[in-house]
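S.K.: Pasting a structure here, questions to come.
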Amino acid sequence: MRHRMGGSRRFHRTPAERASLMKNLTVSLIQHEKIRTTQAKASELRSSVERLITLGTQDTPHHRHLAEARIGNRLAVAKLFDDLGPRMAGRAGGYTRTYKLGSRHGDGATVVQIELLD
């Protein structure tokens, strides 16, 4: 049975490689506000980014420290708390949207565009 197995995609990577992949995707999404990736990676990315944006809605030193510990990029943390957090403060979640773009030519993986809402 697969009860409560959310976030269990492995992507054929070691745990350290998976953590690095998610950090890099998170930083890219925060900096560019829109990225293209596979559907599986986007659905894993969505939960971590939405938690970080929820942290960004309250600008406290503790929340900044937690965000920097999770993504490890000061520029992305600054944008998260100075730009994205206040912009998303009126929302009660649901900060991202994904669009299916089709399948990748090489391996047939479903490619999506994940973006931050205004």
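The values are calculated or read from the model by the stated rules, or taken from the named source; none is laboratory data. Because the structure is a prediction, the values reported are computed rather than measured. Cβ sites come from the backbone with ideal geometry, for glycine too, and all protein chains shown count toward neighbours.
S.K.: Return only the number of the condition from (1) in a helix (DSSP H, G or I); (2) farther than 19 Å from Gly72 by Cβ; (3) among the aliphatic types (A, V, I, L, M) that Leu52 does not satisfy.
M.R.: (2)
S.K.: Mind checking which residues of region 80-103 are modelled with pLDDT under 95 and either part of a strand (DSSP E or B) or more than 23 Å from Arg70 (Cα to Cα) (or both)?
M.R.: Matches in region 80-103: Gly90 only.
S.K.: May I ask you to list the residues in region 48-63 that are crowded, with 20+ Cβ neighbours inside 10 Å, without any contact (Cβ under 8 Å) to a residue 40 or more places away in the chain and closer than 15 Å to Gly90 by Cβ?
M.R.: Passing the criteria: only Gly56.
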